[in-house]
1. Test F40 against the criterion of being modelled with pLDDT of 85 or more, open to solvent by 100 Å² or more (accessible area, probe 1.4 Å) and hydrophobic (A, V, I, L, M, F, W, C), and give yes or no.
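The values are calculated or read from the model by the stated rules, or taken from the named source; none is laboratory data. The structure presented is a predicted model; accordingly, all values stated were derived computationally and were not measured. Keep in mind that these areas ignore ligands, DNA and RNA; they rest on the heavy atoms of the full protein, side chains included. Shrake-Rupley method; radii C 1.70, N 1.55, O 1.52, S 1.80 Å.
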Amino acid sequence: MFDGLDTAARTFLGPADRTDGARPVIHLHDAAEDLADATFSSIDVYTDSSGHHYAQRKTPMHRPTAE
C-alpha cells in the first residue's frame, strides 16, 4: 500500500533532497527564532522521579485587567 503512495509522491514532488549528515545544522537567526528564544528563556523545564518533563514559567504572566 505505502509503496504505491511513495511512488506517487516521488512522481509528483520529485526525489527527496538529501544532505550530508556530518555537516552541522545552520540556524538562521530570524525574527521567529528570536521570539522563540525569548519565550523559552522565561521557562524552566523540570523532570520528576518518573521521568516526566514539565515546564514552569520563571515569572508569572501579566494578564490584562478588565476595565
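1. Criteria met by F40.
Residue by residue, here is whether (1) assigned to a helix (DSSP H, G or I); (2) aromatic (F, W, Y); (3) open to solvent by less than 100 Å² (accessible area, probe 1.4 Å); (4) at pLDDT 85 or above holds:
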| position | (1), (2), (3), (4) |
| --- | --- |
| A9 | yes, no, yes, no |
| G21 | no, no, yes, no |
| D34 | yes, no, yes, yes |
| V45 | no, no, no, yes |
| S49 | no, no, no, yes |
| A55 | no, no, yes, yes |
| P64 | no, no, no, no |
